[in-house]
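Scroll down for the structure; my scribbles are underneath it.
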């Protein structure tokens, strides 16, 4: 973790050296020297970040490095704060005051940096006196890891009678192993730690059917650090008779693999590799598996979904994601372990249900906690309540629960250093909180966790971090968008407890809540407040030294909280202020003094106005005003040249009147429902916000020059415009063609519009929403190779729009609402419909027939026709949409009549 802190600091130092022209030569020299010193230390920290778990001495050294990095960050931010806040009141004294203040700031900063540089050298020299810590081979034995491995071996020996919820997946996977042709096949079982992957694979491996099917079998554990000599030595021992074991130790790596291949070459074999962590490890394993034609099978278990996909990409493989236990299975397992299969005492039922909910369907959690509770008497309600209330403490102190935490934490320790900060950051969110992907991505960027990569925006890199955490089963997808993107995620309660403890120990994040209102440590850098009253919050703030606070969050804030009082603590170094859902009716005046602020959210508050002083926040990157009462933005907003996300919109159900002074309304589709969206009027100065990545929603009805100004926002990734004028078609096309990075475009207009004149549409466009009458479907639409979502609303086209869609086959979601005024529409095989999963067709008008040919939409999951939710059975391959007439084989479709309209859909198979 210290490596992450130092890497962040090196990045910040580079920015200061590159951008800050007010640095005196001496200060600049000190920063360069410290940067060089930290660069040397940073290379070692990449190894130490992993080894500190094994070596207490190393952990202490890493802590010292982290603390001094924090000190440097404080000096640097204080220096920048003084520079950006330099606004003398009287113009006649401006030059003299500025020069004197600049000299004073540089002198003070130079002195502090010299002191820090000395401290850095002392820490490094002190560590050099203990050279053993620099040699990984001399680090203390990792007994904790050995305990985890022993726990895994014990899982292979579990009695079948003690298992719950494994029978159905066991039979399904055994059937798969038995079926199919004689070619080698790979089965990958994936999921987070504790789901019972090892237990399930052992049940499969030892079943009578499998024993009768395969001539040769072996099961070996891979673990995080693949030790090929140990693994292949064990594999050969399991596959060969004892008399051949004597020469195994003398073999080299190549000979081990060759021998394994020879032992399996003419056999129908089953090999199980338990706990594979990397694709490169799989490459080392599969090379020793002969691809004979005897019906052999390989099974792997893994926490990494990428490994599962990679290993099954060839050899007719199947990836099987493990599911959590159902509520009923969780209850059965809990009672079996806690009460020895007896029923739960009535007076403990509520508490037991709360405990089971906290376990989240993870068998390891249910078994471990029930094992702890089994030692307690069932007579006392108070004892059980105390255990439930102090579960977080038990997780740190009870040896059984510590083992469970270690197993959960293995995935965290395996993370690359740049992702560890991102994952620990999730501890700011309360238990069971739905974490929005876009929100946490913007927060990571504001915190400086995301590094620029060539050809990719910060948002794109941050999203890759998010999906990597999903890939590693550290977070679970909770909701998805209609086109398949993950919208929000959750983190398992016990995994959250683990990172909460880690965050607290490293002073990464501190939490104040009703349950945890302890005194905050000095130097707290990130603070998250859960459901805390004004009295308790003020008491804690006054007791604590929060001058170094960088991030402040409020979740479920008590209605008694007064934000102005809480913010009066002078958090001058604050970079993130997230007040989403806080009891606010106006913007606290202290916000305008937070000159280093990068992220500011008033989302879901009653804030109605921003003051002109918002223009002071020159570092602001994200301003979230969604679902507020803001009706007008001050012109000073256009001074924020670093602003990347300007989010200001309100959604109301269709028919609700929006009585806003400046904000206008227009019809908009969200999913498959019509909403009323409120947007803001922008001035021509918006063209100065050259860093904007996302702009939602802008009313384009009042200013004719606005469309031209938008063409200057060439970094935009998402743009939403409403009330565009019909005569602006050519100007709009010209501006949009300059936005070559655009991936999402939503346009709403009144009256007919011609969008044909766009010479070079954004090539990366993935989502396109067009609402309004079109003269004709734009010809450039067919050139959008990556288009995944297309919504055409009120288009009233005379030509069938389905004929002019992009042929690339990337389309996932297609919505047509009053889009066609012809008679017949065709969906034919091939072309753009091969990946289509969602189809919505509403308000047909004059359309009399919709023809969907067999195999035209092979991936279809859900279809809506005229507002009716039509069930699609992907396994059987047909749409069940009411009473259908007999299949018309000469035509190749089903047909049934509903009044004068005939739905014709693909046939049953």
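The values are calculated or read from the model by the stated rules, or taken from the named source; none is laboratory data. In this text, all values refer to a predicted model and were calculated from it rather than measured experimentally. Positions of Cβ are generated from backbone atoms using ideal geometry, with glycine treated the same way; all protein chains shown enter the neighbour counts.
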Please give the strands (runs of 3 or more DSSP E) falling wholly within region 745-830 in which 3 or more residues are in contact with a strand residue (DSSP E or B) (Cβ under 6 Å, 6 or more places away or on another chain) and farther than 25 Å from residue 700 by Cα. 824-827
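Among the candidates 439, 496, 406, single out the residue that is crowded, with 16+ Cβ neighbours inside 10 Å and under 13 Å from the mean Cα position of the chain (by Cα). Let's see the steps before the verdict.
Details: 496 fails: under 13 Å from the mean Cα position of the chain (by Cα); 406 fails: under 13 Å from the mean Cα position of the chain (by Cα).
Criteria check complete, one pass: 439.
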Quick check: is even one residue across region 335-346 in a helix (DSSP H, G or I), over 25 Å from residue 168 (Cα atoms) and not assigned by TED's automatic domain parsing to the domain that holds residue 476? yes
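Which ranges mark the strands (runs of 3 or more DSSP E) fully within region 544-649 that have 3 or more residues being in the same structural domain as residue 524 (by TED's automatic domain parsing) and at pLDDT 90 or above?
Numbers: elements: 551-555, 576-578, 599-601, 622-624, 645-647.
Answer list for region 544-649: 551-555, 576-578, 599-601, 622-624.
So, in region 831-846, of the ones that are assigned to a loop (DSSP other than H, G, I, E, B) and surrounded by 15 or more Cβ atoms within 10 Å (Cβ to Cβ), which residue ends up farthest from the chain's Cα centre (by Cα)?
Within region 831-846, the subset assigned to a loop (DSSP other than H, G, I, E, B) is 834-837, 843-846.
Retained after the next criterion (residues that are surrounded by 15 or more Cβ atoms within 10 Å (Cβ to Cβ)): 834-837, 844.
On the way: 834: 28, 835: 24, 836: 24, 837: 23, 844: 39 Å.
Only one residue tops the list, namely 844.
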Going residue by residue through region 2-17, is there one that turns out to be modelled with pLDDT of 75 or more, out of contact with any helix residue (DSSP H, G or I) (no Cβ under 6 Å at 6 or more places or on another chain) and in a helix (DSSP H, G or I)? no
Can we say residue 421 is in a helix (DSSP H, G or I), touching a strand residue (DSSP E or B) at 6+ places or on another chain (Cβ under 9 Å) and under 25 Å from residue 66 (Cβ atoms)? no
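What strands (runs of 3 or more DSSP E) lie completely within region 432-519 and have 2 or more residues being at positive phi and in the same structural domain as residue 359 (by TED's automatic domain parsing)?
Working: elements: 476-480, 486-490, 510-513.
So the answer is none; nothing clears 2.
Of the residues 66, 86, which single one is assigned to a loop (DSSP other than H, G, I, E, B) and either at pLDDT 60 or above or out of contact with any strand residue (DSSP E or B) (no Cβ under 7 Å at 6 or more places or on another chain) (or both)?
Numbers: 66 fails: assigned to a loop (DSSP other than H, G, I, E, B).
Answer to the selection: 86.
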Would you say residue 731 is modelled with pLDDT of 90 or more and either over 36 Å from the mean Cα position of the chain (by Cα) or farther than 19 Å from residue 695 by Cα (or both)? yes
Here are the criteria: (1) at pLDDT 80 or above; (2) touching a strand residue (DSSP E or B) at 6+ places or on another chain (Cβ under 6 Å); (3) surrounded by fewer than 17 Cβ atoms within 10 Å (Cβ to Cβ). Tell me which single one residue 849 does not satisfy. (1)
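Could you list, in sequence order, all residues of region 304-316 that are outside any helix (DSSP H, G or I) and out of contact with any strand residue (DSSP E or B) (no Cβ under 6 Å at 6 or more places or on another chain)? Steps first, please.
Residues of region 304-316 outside any helix (DSSP H, G or I): 304, 312-316.
304, 313, 314 - these are the residues of region 304-316 that are outside any helix (DSSP H, G or I) and out of contact with any strand residue (DSSP E or B) (no Cβ under 6 Å at 6 or more places or on another chain).
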